[in-house]
2 protein chains.
Amino acid sequence: MSDPFVVVGADAAGLSAASKFRREAPDREVVVFEKGRWISYAYCGMPYFIAGYVDRMSDLLSLSPSEVDERGIDLRRGREVVAVDPDAKRVTVETSDGDRFERAYGDLLVATGARATTGPFDVRGVDGAFTLHNMDAAAAIDAYVSEPDAYDAARADVSAVDRERVDRNAAMPAPETAAVVGGGYVGVEVAEALTERGLDVHVFHRSGHLLSPFGETVGNRVEAALEAEGVTVHTDAPVDALVGDGRIEAIEVGRGGGEASERVPVDMAVVGVGIRPNTDLLAGTGVDLGPGEAVRVDDHGRTSLPDVYAAGDCATARHAVTGEPDWVPLGLTANRAGRAIGATVAGDPTPVGDIAGTAAVKAFDAEAARVGILDRDEAEAAGFDPVSETVTAGSRSGYYPGAAETDVTLVADRDTGRLLGGSIVGTDRAAVRIDTLATAIEADMTVPKIERLDLAYAPPFSPVWDPILVAAKVLNGTLDD
Amino acid sequence: MSDPFVVVGADAAGLSAASKFRREAPDREVVVFEKGRWISYAYCGMPYFIAGYVDRMSDLLSLSPSEVDERGIDLRRGREVVAVDPDAKRVTVETSDGDRFERAYGDLLVATGARATTGPFDVRGVDGAFTLHNMDAAAAIDAYVSEPDAYDAARADVSAVDRERVDRNAAMPAPETAAVVGGGYVGVEVAEALTERGLDVHVFHRSGHLLSPFGETVGNRVEAALEAEGVTVHTDAPVDALVGDGRIEAIEVGRGGGEASERVPVDMAVVGVGIRPNTDLLAGTGVDLGPGEAVRVDDHGRTSLPDVYAAGDCATARHAVTGEPDWVPLGLTANRAGRAIGATVAGDPTPVGDIAGTAAVKAFDAEAARVGILDRDEAEAAGFDPVSETVTAGSRSGYYPGAAETDVTLVADRDTGRLLGGSIVGTDRAAVRIDTLATAIEADMTVPKIERLDLAYAPPFSPVWDPILVAAKVLNGTLDD
């Protein structure tokens, strides 16, 4: 017990764990190694910083290093854990100067997050081409889209920022046309952000509709919302290459079916085609990996290695519908698992909780959300016989001003009637309604039970039959057939 | 089976039942007796009509009599069922001309709704004094608050309207100061409506905070929201009398503690102190009554009389928390129970569903909602040991523009950790969040389980830890003590 609780990674999961542990076990030591300079930043807020909705980068920081110190956490930035020896219970740490040392641990939490994948594209060394997966990239994008004489350097007001990179991007002429490669939620948010900054934005998405995990109804409505604000959305449009010598000049889009690829001239590209868990430090340990090559954990966040936990974007979590490990890297999951593991390591065993794959996204005035399993193949692979219905219903009583069409999709298992998943898209209080379905999923509710939920009715907020109840009613009819 | 399904009352419960029955049993007869001329109107929309948010009274009608006819329902307006003979299975009907006849029924649904109580006040015969419990009253109030030369008669564009009453009220000089007697949700909505119409509004509420069933946190914040818009709220202020000879001149407010009552001059009063179920037609039948003197029903809406059902504001429903009959007259409950009974009578037994007492209300920019059991005494009477916490949390990520303080109260049972009730009040998507708690209550969830719900996180809609999760976390801490 004399060896410390070592945490690798100082973001949501790592610092939640360290903070909770510190409160619960004030007499034990906790050390957090962070390879970079940034800690505890709001990844999900970066598009809104770029959009200009957020004035200062420092607003996106939850905790400063000194606040972490004040909590009694021994935070070491610029220290990368490069190897773990689970037998000796030691980690190997490399400093930013290239020195190496070892450190013993009592318990270890791997909270190393994920990194952006770029597919076939190497954005490094191409001016105007970016991925958006850390604050330095957000600061660089913000600088790049500003006219050199109009850039407000005070926006990147965090000492950790890569000032040289910001300055270099600020000095370049502002772009007029941007390609967003990938129409997932980061792609959609970045498309909105760059449009707000005055760019002519093209979104390229490999498959048939945006936001693949949200289903077709949501994808199509979000596409319409983007296009209504001037974004050009290209679906079934895999990007083959970024073109440019020094600075980005165009992208090449595959059209399939033997057609020649199309070249779209742009002077900016943001690539958001996916992320991958950071697990290199565990190479050679024999640790079990799970879906997405994330570290497989049990319901208390324990990996297959003794006294080694994992949490956040590098770890799996149990899915509430299938009961199986899944990899859905999202903010709440990281915070919640970190906090639970902090308690568990401190001696109060706490489950990390299931995930339901709940996610929400904004595209200008459209709000969309999803939960559970929406995809037919995925449901069948999990042993279900999925039945789905989509309805369009009013968000308020029809006579009340501002009532807006809300599309609800529900998916249920034919045999049991159990809710497997759902999506909601609309413009009036649509996204938060997903929490009703998330709660129903975690309670293993059937659709007949959902149809009888006593949801709130008040003309300004919901019609007598809430859109979710309407959808449940229709899906019940189909289940009865 | 040859005698018809007779429905008494042509509003939400009655017409939902008749419509569902007609679809499920197209060959059987259904007769709906309605004592008045109005059918199927949106009671909850009346304050918004008075406010001027809704232009035409006809917008508040869900179904016209001819649409009911088209559904194959035999609707008889101006026919009041005054007695039921459960042994002979016959009802006695009185026409608006005073004639009486009898009609046999195979099954009977009592969906007679409720009527406004006025406490010690008789508003009839006092010009400028109203209750708001039907469309004629709404039309009269709308006419009364208009300047005679500015009244738009086209607003009351429904033939059923009591035109003489409207004309008489339209001809009176418009009031400047109004008393709203009773600070329940109708009182709050009417206060907003009359303020929107330019009146100086005083709300008088008997107890210490508005919206008693919503709890003190909500009541105080709604009071602040009303006062911010110029409404004067008087709490602990029971009204003793309406004063006026012909037209209302003042109200007298008791101050308690032996103090003399205060006279507040007003030229309008709207009394909303409560409603009472309409059950006179069942007098002498020996039917079991339940809470609130409403007709006691089982989980399929059956009364204690054979083949007699009751639904809507005149009937009880089973409360999801206590499992006992309760009386919470609200719109969804009526629609849902009616629809279920229509199916049951048609041969497809369908439960009416539990209620959770879910309700929402708007007061200018404030939104409030409640569910379950919030009151300590009520919880104790039901055998629980209630523990409660209230938190204030942001509605969005702190850095995202528009994040607003949201107050969440959760009440749980100390022994089991089960959620008993909750309330939410705020200005940003606050009310619809109650549906998460309503779903949790119907699933008998514990607070630890709620703390681990995978609710949606997206900066524009919710912080990482949704206000409900924050409240669950805090209440869990208290439960652990």
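The local environment of B:Arg28, defined by Cβ-Cβ distances under 11 Å, has a net charge of -4 under the rule Lys, Arg +1 and Asp, Glu -1. For the stretch B:135-183, the square roots of the Cα gyration tensor eigenvalues, ordered a ≥ b ≥ c, give a/c of at least 1.5 with a/b no greater than b/c, which places it in the oblate category. For the stretch B:129-271, the share of DSSP beta bridges that are antiparallel, to the nearest 5, is 35%.
Ordered by 1.4 Å accessible area with all protein chains kept, B:Tyr105, B:Tyr185 run largest first as B:Tyr185, B:Tyr105. A protection proxy built from the mean count of other Cβ atoms within 10 Å ranks the segments B:24-35, A:406-417, most packed first, as A:406-417, B:24-35. For the chain pair B and A, the interface hides roughly 5100 square angstrom of accessible area in total, found with a 1.4 Å probe.
Given a 1.4 angstrom probe, I'd like the percentage of the accessible area of the protein assembly as shown that is carbon and sulfur, rounded to a whole number. Carbon with sulfur: 43 percent of the solvent-accessible area.
Taking the DSSP beta bridges with both ends in the protein assembly as shown, the antiparallel portion is around 65 percent. For chain B, adding -39500 (n - 2.57) for each run of n ≥ 4 DSSP H residues and dividing by the number of residues yields -7000 deg cm²/dmol at 222 nm. Within chain A, the selection of entire DSSP H helices by a Cα span of 15 Å or greater along the long axis and an average Kyte-Doolittle value of at least 0.0 returns A:185-196, A:331-345, A:467-480.
If you take the Cα centroid of the stretch A:2-29 and the Cα centroid of the stretch B:315-329, the two points sit 47 Å apart. Each Lys or Arg adds one and each Asp or Glu takes one away; over the other residues whose Cβ falls under 12 Å from the Cβ of A:Lys89, this sums to -4. The mean count of C-beta atoms from other chains within 10 Å of the C-beta of residues in B:344-355, rounded to a whole number, is 2.
Relative contact order of the stretch A:129-271, taken over Cα pairs closer than 8 Å and 6 or more residues apart, is 23 percent.
Distances from A:Asp27 to itself in the other copies, using label points 7 Å out along the Cα-Cβ axis, amount to 8.2 nm in increasing order. Remark: relative contact order (the stretch B:1-96) = 28 percent; criterion is Cα-Cα distance under 8 angstrom and separation of 6 or more residues. A:Asp236 label point (Cα plus 7 Å toward Cβ) to equivalent points in the other copies: 7.2 nm, shortest first. Which of rounded, prolate, oblate describes the protein assembly as shown, given a ≥ b ≥ c as roots of the alpha-carbon gyration tensor eigenvalues and a/c under 1.5 marking rounded, otherwise prolate only if a/b is larger than b/c? Prolate shape, in that a/c is at least 1.5 and a/b is the bigger ratio. Taking every protein chain into account, the 1.4 Å probe leaves B:Tyr457 with about 30 Å² of accessible area, to the nearest ten. Taking amide H as placed 1.01 Å from N in the peptide plane, B:Glu176 has its amide H under 5 Å from the amide H of B:Asp267, each at least 5 places away in sequence or on another chain. Scanning residues 5 or more positions from B:Ser462 or on other chains, those with amide H under 5 Å from its amide H are B:Ser397, with H placed 1.01 Å from N in the peptide plane. Here is the size of the stretch B:367-480 from its Cα atoms: Rg then Dmax, 13.4, 44 Å. Relative contact order of chain A: 14 percent, from C-alpha pairs under 8 Å at least 6 residues apart in sequence.
For A:Asp375, inter-copy separations between label points set 7 Å beyond Cα along the Cβ vector come to 5.1 nm, shortest first.
Bridges between two residues of chain B, per DSSP, are antiparallel at a rate of about 60%. Between B:Asp288 and B:Glu324, how high is the FRET efficiency from 1/(1 + (r/R0)^6) when r is the Cβ-Cβ distance and R₀ = 22 Å? Nearest 0.05. Calculated transfer efficiency: 0.95.
Pairs with C-alpha atoms separated by more than 21 Å, drawn from the list A:Lys449/B:Lys449; B:Lys35/B:Lys362; B:Lys449/B:Lys473; A:Lys20/A:Lys362; A:Lys449/A:Lys473; A:Lys362/B:Lys362, are B:Lys35/B:Lys362; A:Lys20/A:Lys362; A:Lys362/B:Lys362. Distant-in-sequence amide contacts of A:Ala129, defined by a placed amide H-H separation under 5 Å and a gap of 5 or more residues or a different chain, comprise A:Ile248, A:Ala269. Indicate the gyration tensor shape class of chain B (rounded, prolate or oblate), computed on the Cα atoms with a ≥ b ≥ c the square roots of the eigenvalues: a/c under 1.5 is rounded; otherwise a/b larger than b/c is prolate and the rest oblate. It comes out oblate by the Cα gyration axes.
The values are calculated or read from the model by the stated rules, or taken from the named source; none is laboratory data. Small disclaimer: the values here were computed from a predicted structure and weren't measured. Cβ sites come from the backbone with ideal geometry, for glycine too, and all protein chains shown count toward neighbours. In case anyone asks, the SASA skips ligands and DNA or RNA and just uses the protein heavy atoms, side chains included. Shrake-Rupley method; radii C 1.70, N 1.55, O 1.52, S 1.80 Å.
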